[in-house]
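Accompanying notes for the structure given below.
The values are calculated or read from the model by the stated rules, or taken from the named source; none is laboratory data. None of these values were measured; they are calculated from a predicted model. Every residue, glycine as well, gets a Cβ built from its backbone with ideal geometry; the counts of neighbours run over all protein chains shown. Ligands, DNA and RNA are stripped out before the accessible areas are found, and what is left, the full protein with its side chains, is counted by its heavy atoms. Shrake-Rupley method; radii C 1.70, N 1.55, O 1.52, S 1.80 Å.
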Amino acid sequence: MAISKEQVEHVAKLARLDLNEEEAQMYTEQLNDILRFAEKLNELDTDGVEPTSHVLPMANVLREDERKDSLPREQALANAPDQQEGLFRVPPVFEE
(Lines give C-alpha, C1' and ligand atoms only; values in the text may rest on other atoms or scores of the structure.)
Protein backbone atom coordinates (compact mmCIF):
# COMPACT_ATOMS: atom_id res chain seq x y z
CA MET A 1 0.00 0.00 0.00
CA ALA A 2 1.32 3.41 -0.93
CA ILE A 3 -0.01 6.93 -0.86
CA SER A 4 0.21 9.02 -3.99
CA LYS A 5 1.09 12.69 -4.11
CA GLU A 6 -2.41 13.31 -5.46
CA GLN A 7 -3.90 11.74 -2.32
CA VAL A 8 -1.71 13.92 -0.11
CA GLU A 9 -2.78 16.99 -2.06
CA HIS A 10 -6.43 15.95 -1.80
CA VAL A 11 -6.23 15.53 2.00
CA ALA A 12 -4.36 18.82 2.29
CA LYS A 13 -7.12 20.52 0.32
CA LEU A 14 -9.78 19.01 2.61
CA ALA A 15 -7.80 20.24 5.62
CA ARG A 16 -7.43 23.64 3.93
CA LEU A 17 -3.66 23.35 3.98
CA ASP A 18 -1.79 25.14 1.27
CA LEU A 19 1.09 22.84 0.30
CA ASN A 20 3.67 23.75 -2.28
CA GLU A 21 5.15 21.14 -4.63
CA GLU A 22 8.14 20.46 -2.37
CA GLU A 23 5.98 19.99 0.76
CA ALA A 24 3.56 17.67 -1.06
CA GLN A 25 6.47 15.52 -2.23
CA MET A 26 8.06 15.52 1.24
CA TYR A 27 4.81 14.49 3.01
CA THR A 28 4.16 11.80 0.40
CA GLU A 29 7.57 10.28 1.07
CA GLN A 30 7.18 10.57 4.85
CA LEU A 31 3.73 8.94 4.83
CA ASN A 32 4.99 6.13 2.62
CA ASP A 33 7.92 5.58 5.00
CA ILE A 34 5.44 5.28 7.87
CA LEU A 35 3.29 2.81 5.92
CA ARG A 36 6.34 0.68 5.03
CA PHE A 37 7.32 0.58 8.70
CA ALA A 38 3.77 -0.37 9.73
CA GLU A 39 3.74 -3.16 7.12
CA LYS A 40 6.87 -4.61 8.76
CA LEU A 41 4.77 -5.22 11.88
CA ASN A 42 2.72 -7.72 9.85
CA GLU A 43 5.84 -9.87 9.58
CA LEU A 44 5.85 -10.51 13.34
CA ASP A 45 4.65 -13.88 14.57
CA THR A 46 1.85 -13.03 17.00
CA ASP A 47 0.45 -16.55 17.35
CA GLY A 48 -0.16 -17.24 21.02
CA VAL A 49 -0.02 -13.56 21.99
CA GLU A 50 -3.08 -12.51 23.98
CA PRO A 51 -4.80 -9.38 22.65
CA THR A 52 -4.40 -6.48 25.07
CA SER A 53 -5.71 -2.96 25.27
CA HIS A 54 -2.80 -1.70 27.40
CA VAL A 55 0.80 -2.79 27.76
CA LEU A 56 0.62 -2.48 31.55
CA PRO A 57 -2.02 -3.91 33.89
CA MET A 58 -4.63 -1.27 34.60
CA ALA A 59 -6.38 -0.75 37.94
CA ASN A 60 -8.96 1.77 38.99
CA VAL A 61 -7.04 4.37 40.99
CA LEU A 62 -10.09 6.45 41.86
CA ARG A 63 -11.54 6.29 45.35
CA GLU A 64 -15.14 5.42 46.02
CA ASP A 65 -17.47 8.36 45.78
CA GLU A 66 -18.40 9.29 49.33
CA ARG A 67 -20.65 12.07 50.55
CA LYS A 68 -18.90 14.53 52.84
CA ASP A 69 -20.03 17.73 54.47
CA SER A 70 -18.94 20.86 52.62
CA LEU A 71 -17.25 23.92 54.08
CA PRO A 72 -19.48 26.40 55.86
CA ARG A 73 -20.26 29.33 53.55
CA GLU A 74 -18.34 31.80 55.71
CA GLN A 75 -15.21 29.64 55.63
CA ALA A 76 -15.46 29.13 51.84
CA LEU A 77 -15.76 32.88 51.29
CA ALA A 78 -13.08 33.78 53.85
CA ASN A 79 -10.33 34.34 51.23
CA ALA A 80 -12.56 35.43 48.34
CA PRO A 81 -11.27 38.64 46.77
CA ASP A 82 -14.82 39.83 46.28
CA GLN A 83 -18.20 38.63 47.49
CA GLN A 84 -21.76 39.81 47.54
CA GLU A 85 -24.69 38.49 49.55
CA GLY A 86 -22.85 35.29 50.46
CA LEU A 87 -21.71 34.50 46.90
CA PHE A 88 -18.40 34.78 45.03
CA ARG A 89 -18.35 37.91 42.88
CA VAL A 90 -16.34 37.62 39.66
CA PRO A 91 -15.66 40.03 36.79
CA PRO A 92 -18.15 39.88 33.91
CA VAL A 93 -17.38 37.14 31.40
CA PHE A 94 -19.68 38.15 28.55
CA GLU A 95 -19.72 41.51 26.83
CA GLU A 96 -23.00 43.22 26.10
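Some points to look at:
- Cut-off under 5 Å, modelled amide H: who pairs with residue 83 long-range: 89
- Taking the chain and dividing mean pair separation by its residue count, relative contact order in percent (alpha carbons under 8 Å, at least six apart): 17
- Modelled spin-label separation between residue 53 and residue 14, with each label point placed 7 Å from Cα along the Cα-to-Cβ direction: 2.8 nm.
- Accessible-area value, residue 36, 1.4 Å probe, nucleic acids and ligands omitted, Å²: 130
- For residue 88, solvent-accessible area (1.4 Å; no DNA, RNA or ligand), Å²: 130
- Shape of the chain, Cα gyration tensor, a/c cut at 1.5: oblate
- Per residue accessible area of the chain, 1.4 Å probe, in Å²: 103
- Relative to the longest principal axis of the Cα atoms of the chain, the long axis of helix 21-41 makes an angle of roughly 90 degrees.
- Residue 69 paired with residue 95, simple spin-label distance in nm, labels 7 Å along Cα-to-beta-carbon: 4.7
- Probe 1.4 Å - accessible area at residue 53, Å² to nearest ten: 110
- Taking 0.36 nm per residue of separation and subtracting the Cα-Cα distance, full extension of the segment from residue 83 to residue 29 would add 13.4 nm.
- Between the helical axis of 5-14 and the longest alpha-carbon principal axis of the chain there is an angle of about 20 degrees.
- By accessible area with a 1.4 Å probe, ligands and nucleic acids excluded, highest first: order of 28, 46: 46, 28
- Among the protein heavy atoms of the chain, carbon and sulfur supply 54% of the accessible surface, probe 1.4 Å, non-protein parts ignored.
- Under 23 Å of direct C-alpha separation, and excluding same-chain neighbours fewer than eight residues apart, residue 13 reaches these lysines: 5.
- With a cut-off of 19 Å on the backbone N, the residues of the stretch 20-35 near the modelled label site 7 Å out from residue 2 along Cα-Cβ are 22-35.
- The Cβ shell under 12 Å around residue 23 holds other residues with a net charge of -4, Lys and Arg each +1, Asp and Glu each -1.
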